[in-house]
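Enquirer: Structure incoming, see below.
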Amino acid sequence: MKFVILISMLLLSILLYYFVVSHKDVQQNKIDKTPPKKMTVREKKERFKKLLIPAVQTVYAKLMKRYKKIATDMNEGKNQKEIEKLKLQYNVLNDEDLLACLKPHPVSIVLAQAAMESSWATSRFFVKANNIFGMWSVNPKEPRIAAGEKRDGKRTIWLRKFSSIDDAIRAYYQLMAKGKAFKEFRTLRLKYDDPYKITPGLDKYSEIGQVYINEINQVIKYNKFTVYDK
């Protein structure tokens, strides 16, 4: 009887070990991100969705929870110390500007930008560095990867290297929350929930301006990404 119990406990331990390790690998995005050499467009998009949607939704949910808490605290006059600390962190002076920094924009916009910036999760920057949004690096001390081509044929372009997809998504949201070029974008996302009313604020994200906005809107619409905003 004791032998049976010992065997059962051993099997249970093995199962628990593999469950924990597998779960940890998924959480840390330690899945094979190297795209197959040949994929149809449909296969490429399905692979992208499996890699990105869970991670984006997780980060979005956490940011939205924080935003709602701070908004409620402001209305009820609570936690002023935390609110003032956040204002310093985001370099803003009033409650409305802080809320604009904290409110995350819809998942549909994030997915569309990720798809465009990473060629549907097949770019070298994504595969080698988890850099799904093409975020540049200006800090030589941070993990980064060099672009294959030099800017104007002279200057090396560096892109940030992230330990996981989740980290890249958090960094992207942080960029949109603090970047000076995205002030209008933050104003729009605080005012609206409709992605098509927010995307006009992305004109500074790319050098092609309005063309970039039009392409983002097309990607959202054609791929029905708004279903993930519900």
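Enquirer: Do we have any residue at all in the range 7-20 that's modelled with pLDDT under 95, of a type in the set (S, T, N, Q) and either closer than 26 Å to residue 130 by Cα or assigned to a helix (DSSP H, G or I) (or both)?
Expert: The answer is yes; a qualifying residue exists.
Enquirer: If we only count helices (runs of 4 or more DSSP H) wholly inside the range 169-230, which ones have 1 or more residues that are surrounded by fewer than 21 Cβ atoms within 10 Å (Cβ to Cβ) and among the polar types (S, T, N, Q)?
Expert: Helices (runs of 4 or more DSSP H) meeting the threshold: 183-191, 210-222.
Enquirer: Do we find a residue being within 28 Å of residue 193 (Cα to Cα) and within 15 Å of the chain's Cα centre (by Cα) anywhere in the range 143-165?
Expert: Looking through the range 143-165, at least one residue is within 28 Å of residue 193 (Cα to Cα) and within 15 Å of the chain's Cα centre (by Cα).
Enquirer: What is the one condition in (1) among the acidic types (Asp, Glu); (2) assigned to a strand (DSSP E or B); (3) modelled with pLDDT of 95 or more that residue 149 does not satisfy?
Expert: That leaves (3) as the condition not met.
Enquirer: For residues in the range 122-139 being in a loop (DSSP other than H, G, I, E, B) and touching a Phe, Trp or Tyr at 6+ places or on another chain (Cβ under 8 Å), which is surrounded by the fewest Cβ atoms within 10 Å (Cβ to Cβ)?
Expert: Residue satisfying both the conditions and the ranking: 138.
Enquirer: When residue 132 is evaluated against the numbered criteria (1) modelled with pLDDT under 95; (2) closer than 27 Å to residue 39 by Cβ; (3) not charged (D, E, K, R), which criterion, by number, is the only one it fails?
Expert: Result: residue 132 passes all but (1).
Enquirer: From the list 26, 59, exactly one residue is at pLDDT 95 or above, assigned to a helix (DSSP H, G or I) and surrounded by 10 or more Cβ atoms within 10 Å (Cβ to Cβ). Which is it?
Expert: After applying the criteria, what remains is 59.
Enquirer: Another one. Has the range 103-121 got at least one residue that is more than 27 Å from residue 189 (Cβ to Cβ), of a type in the set (Lys, Arg) and outside any helix (DSSP H, G or I)?
Expert: no
Enquirer: Moving to a separate point now. Where the second residue is outside any strand (DSSP E or B) and at pLDDT 80 or above and the first is more than 12 Å from residue 125 (Cα to Cα) and of a type outside the set (S, T, N, Q) and lies in the range 135-161, which pairs have Cβ atoms under 6 Å and are six or more apart or on separate chains?
Expert: 143/161
Enquirer: For residues that are of a type in the set (Ser, Thr, Tyr) and out of contact with any helix residue (DSSP H, G or I) (no Cβ under 7 Å at 6 or more places or on another chain), tally how many sit in the range 84-119.
Expert: Going through the range 84-119 one residue at a time, the tally reaches 1.
Enquirer: With respect to the numbered conditions (1) in contact (Cβ under 8 Å) with a residue 24 or more places away in the chain; (2) touching a Phe, Trp or Tyr at 6+ places or on another chain (Cβ under 6 Å); (3) closer than 14 Å to residue 176 by Cβ, which one is the sole condition not fulfilled by residue 56?
Expert: (2)
The values are calculated or read from the model by the stated rules, or taken from the named source; none is laboratory data. Quick caveat: nothing in here was measured; it's all calculated off a predicted structure. In this analysis, Cβ positions are derived from the backbone assuming ideal geometry, glycine residues included, and neighbour counts consider all displayed protein chains.
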